[in-house]
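Everything below concerns the one structure shown next.
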Amino acid sequence: MILNTELEHKGNIFPSKIISYEKNLNVLSFKTANGVVLQVTVRRDSVLRFRYTTTGIFENDFSYAITKYASRGYNFLEVTENKANYIITTTKLICHVSKSDLRVSLYDAKDKALICEDELGFHWEESYEFGGDVVKMSKTAQPGESYYGLGDKPVDNNLKGKRFENWVTDSYAYGRDTDPIYKAIPFYTALHNKKAYGIFFDNTFRSFFDFCHERRNITSFWAHGGEMNYYFIYGPEMTEVVANYTDLTGKPHALPPLWALGYHQCKWSYYPESNVKEITAKFRELEIPCDAIYLDIDYMEGFRCFTWSKEYFPDPKRMVKELADDGFKTIVIIDPGIKIDMDYSVFKEGLDKDYFCKRADGPYMKGKVWPGECYFPDFTNPEVREWWSNLFKELIEDIGVKGVWNDMNEPAVMDVPGKTFPNDVRHDYEGNPCSHRKAHNVYGMQMARATYQGLKKFCYPKRPFVITRAAYSGTQRYTSSWTGDNVATWDHLNIANLQAQRMAMSGYSFVGSDIGGFAEQPNGELYARWIQLGIFHPFCRTHSSGDHGNQEPWAFGDTITSVVKKFIELRYQLLPYLYTAFWRYAEEGIPILKSLVLYDQDDPQTHYRNDEFMFGEKILVCPINGPNQKGRRMYIPRGLWYNFWTDDVVIGGQELWVDADLDSMPIFVKDGSIIPKYPIQQYVGEKTIDELLLDVYYKLGKEESEVYEDATDGYDYIKGRYSLRTFKLHGKKNELIIQQHKSGKFFTTYKTFKLSLHGLPFKISKVQIDNVEIQFKDIKLNGDNTLVLTKEFTELHIMA
Ligand code: MIG
């Protein structure tokens, strides 16, 4: 594609030599003899934006991806020139722009190492049929370079050698290597010579990325329209690149309510009401924790959004209340297709207000989905989003539904080529009218955004919870997401693992898969192993198409039920740990899951690893991903790690066999960690937390851990009503010191910590709290393992 031209007319066109240069604060413009302008915007010392026009005129500068909250500002900026180049220097980067052909090279400002350079650089083909250009960029791959990211691609972590397309697509029963699928996140991170940088190609047209596939040493990206418009983000740490990309495209606007991090149960479909009640009752009877129950499309009247089937759910408000009394939040599905039906108020209103998408020549965009023939709101129009958000009033405020699940928002259309709208459909695009070619990839995002606005409004003062299937970069600001219609096979367990890791390194941490597989049915073993993986995904939900049998924790016999219960219980114990990781993500853009390469990029062993990942900052996880396994080999990253089940210490930097029968899985804790735990609850808030358990893993040396808590819902935390505890652990031969620093105005309900000491290498003979020696009975010292002490301590000394 980069080499061959797509269009028959003029072939590839290239910028010629620079004839003028202009600097306007942090915006630098370079104009060529043939009318191309490159605009370089210095957003931060490590973030440069490159934008090209082939006509000398830029489009209106609008992006759905970039958040207005993105950090801006740099410490240093200087532009100089030599014979061949203009040279832009910040504290982090040096950027050369070639005077003869506009090609760009980027260097590390500190050690002058080459990070990234244009090969052909920017070039284009004129698009005769649609106007504008097919815009293209090619870069030289650096020796040993690896590539990561790109959203939900169901492939191995390292993207090298592959080509991808970004075009949001409903992909029932997709498989390994299916491309494209539901999401378009045109952002990747590249790593070579221990340095990482990212490229975010903010172009919503159908776009492509080629990582040394077409030519061995070349990476390229291009789009079927719009501008060549990309952000270059320098690390050199991969986590910094991801955090900076997340800063640019947005962190979640609010923390999820804590219950949303609990376990969710779903199926297509639970109905009628008695069936829903049977399911929820069974959870409580078996004491398997669960916070949310889902209603799929059959709850509606003829699949009309915002209606309820009178037959199956005669009194939704009462039912939702009864479920809530039992700790279950009700979550309902909402699709974009609005049934053509003059007696249906949502349709009537949408029609009267002219809110539905139209074809180029005027007719409505008519498409068949579940309700039959439908029209579709143009969610790229802010007025339509406002209307849509208000449709949730009854569902949320009156009936008491706590979350909404947006499906089919690619948008999916049945029985048509391409499974979506035709290209000519018109969209408002925030007052920048365009065709579906440009709006397609953001349609689902804008629907999810409108839904989020509605929930935010009508849940207030509680926090909203929304899930979306389709997404473009930036959707993470509004909603969580799931990976769509996977299949109940072992390889899909691997794919779910890869997708969750990949989404996390694409700025989108709040994701999970349909546990057990959506299509077909898992056997008990596969289901149990998938639950083991799923409890380590930020969004944790079992879902299935339901037509191949049941997929509840108890559907596979007692042995499986007890394994599943054990792991869901573990999820609930780890809630404060997960919540802390979520807070870190929402605060700083640090991904909740980290592939090993993000964890330790300097160790080349991590560059091609797929299965192992970090859950939060301290816990290493690796799913068992095949049948009849009694364990597996896995790579343990460098450092010392405690086996979660046995407390055995292993030395990292090597591949090891780890035992893991069906009721276990490989989990390791980094030495020096302090892991907070809550008691097992059947749902969040069932119990008042009257003691925080801290699992302390001894380390010879220092390590920091933190625990974030707040009211678990509501917005008071934004006003400072949160509790952040930082623990500094310092282990010596004969002593373990823990310092605590507390910030925030929230008072946790518990008064004490129960410390559980792991791997302590000495017998305790003395304990001091804030310099005062403490009687063993006052801290309930039990052997050398556990002790109970006030949460108010500043410095704890445990001595031999
Ligand atoms: O065409 O609402 O991915 O989770 O259960 C299928 C029915 C439509 C696809 C979703 C799936 C959901 C199903 N939906």
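The values are calculated or read from the model by the stated rules, or taken from the named source; none is laboratory data. What you see is a predicted model, and the numbers here were worked out from it, not measured in a lab. Cβ coordinates were reconstructed from backbone atoms using ideal geometry, including for glycine residues, and neighbour counts include every protein chain displayed. Ligands, DNA and RNA are stripped out before the accessible areas are found, and what is left, the full protein with its side chains, is counted by its heavy atoms. Shrake-Rupley method; radii C 1.70, N 1.55, O 1.52, S 1.80 Å.
Of the listed residues LYS92, LYS110, the order by accessible area with a 1.4 Å probe, largest first, is LYS110, LYS92.
Expressed in nm to one decimal, what extension gain is obtained for the pair PHE776 and LYS310 from 0.36 nm per residue of sequence separation less their Cα-Cα distance?
Extra length available between PHE776 and LYS310 comes to 161.4 nm.
Taking the Cα centre of segment 295-351 as reference, the dipole from Cβ charges on Lys and Arg (+1) and Asp and Glu (-1) amounts to some 160 debye.
For segment 724-760 and segment 98-167, what is the separation of their Cα centres, given in Å? Measuring centre to centre over Cα atoms gives 47 Å. Carbon-plus-sulfur accessible fraction, the chain (probe radius 1.4 Å, protein heavy atoms only): 48%. Residues whose amide H falls under 5 Å from that of ILE333, counting only those 5 or more places apart or on a different chain, are LEU295, TRP405, with hydrogens built in the peptide plane. Measuring r between the beta carbons of ALA70 and GLU386 and using R0 = 22 Å, the FRET efficiency lands at 0.35. About its Cα centre, segment 339-426 has a charge dipole of approximately 240 debye under the convention of +1 per Lys or Arg Cβ and -1 per Asp or Glu Cβ, with nothing else charged. Here TYR263 sits with roughly 0 square angstrom of accessible surface, probe radius 1.4 Å.
Could you pull out the pairs from LYS139/LYS183; LYS618/LYS728; LYS139/LYS195 whose alpha carbons sit more than 23 Å apart here?
Working: LYS139/LYS183 25 Å; LYS618/LYS728 14 Å; LYS139/LYS195 17 Å.
Those over the limit are LYS139/LYS183.
Estimated from the Cβ-Cβ distance and a Förster radius of 60 angstrom, the FRET efficiency linking PHE130 and THR91 is about 0.90. In this Cβ point-charge picture (+1 for Lys and Arg, -1 for Asp and Glu), the chain has a dipole of about 1860 debye about its Cα centre. Estimated translational diffusion coefficient (Stokes-Einstein, Kirkwood radius over Cα pairs, 10 °C, 1.306 mPa s) of the chain: 57 µm² per second. Skipping prolines and chain starts, which residues have an amide H placed within reach, meaning under 5 Å, of the one on ASP152, given they are 5 or more residues away or on another chain? Amide H neighbours of ASP152, under 5 Å, 5+ apart: LYS183, ILE185. Computed over segment 249-363, the convex hull of the alpha-carbon atoms projects to a mean area of 10.4 nm². Working from label points 7 Å from Cα in the Cα-to-Cβ sense, the PHE746 to GLU237 distance is 2.5 nm. Computed over segment 449-558, relative contact order equals 22 percent, with contacts defined as Cα pairs under 8 Å that lie 6+ residues apart. Residues of segment 130-148 falling in the label zone of ASN12, defined by backbone nitrogen less than 16 Å from a point 7 Å along Cα to beta-carbon, are 134-141. Can you tell me, using C-alpha contacts under 8 Å and at least 6 residues apart, the relative contact order of the chain as a whole percent? That works out to 10 percent. For segment 477-613, the residue among GLN499, GLN551, TYR577 whose Cα projects farthest onto the positive side of the dipole built from Cβ charges is TYR577. Taking θ as phi - 60° and the Karplus parameters 6.51, -1.76 and 1.60, the scalar couplings of segment 96-112 work out to 9, 10, 6, 5, 7, 8, 6, 6, 10, 10, 10, 10, 5, 5, 7, 10, 6 Hz in sequence order, x denoting glycine and proline.
3J(HN,Hα) along segment 594-610, derived from phi through the Karplus expression 6.51 cos²θ - 1.76 cosθ + 1.60 where θ = phi - 60°, amounts to 10, 4, 4, 5, 6, 6, 8, 5, 6, 9, x, 4, 7, 5, 10, 7, 10 Hz, with x in place of Gly and Pro. Annotation: amide H of THR468 within the under-5 Å range of ASN406, SER480, SER481, TRP482, sequence separation 5 or more or interchain, hydrogens built in the peptide plane. Taking 0.36 nm per residue of sequence separation and removing the Cα-Cα distance, the LYS457/ASN217 pair yields an extension gain of 81.3 nm.
In this simple spin-label approximation, LEU77 and LYS687 carry label points 7 Å from Cα along the Cα→Cβ vector, and these lie 5.5 nm apart. Extension gain, ASP602 to ARG721, is 39.0 nm, computed as 0.36 nm per intervening residue step minus the present C-alpha separation. Spin-label model, THR559 to ASP352: label points 7 Å out along the Cα-to-beta-carbon direction sit 6.2 nm apart.
Given LYS68/LYS438; LYS277/LYS594; LYS153/LYS267, which pairs have Cα atoms separated by over 26 Å?
On the way: LYS68/LYS438 21 Å; LYS277/LYS594 38 Å; LYS153/LYS267 24 Å.
From the list (LYS68/LYS438; LYS277/LYS594; LYS153/LYS267), the Cα-Cα distance tops 26 Å for LYS277/LYS594.
Solvent-accessible surface of segment 664-727, averaged per residue with a 1.4 angstrom probe and all protein chains in place: 35 square angstrom.
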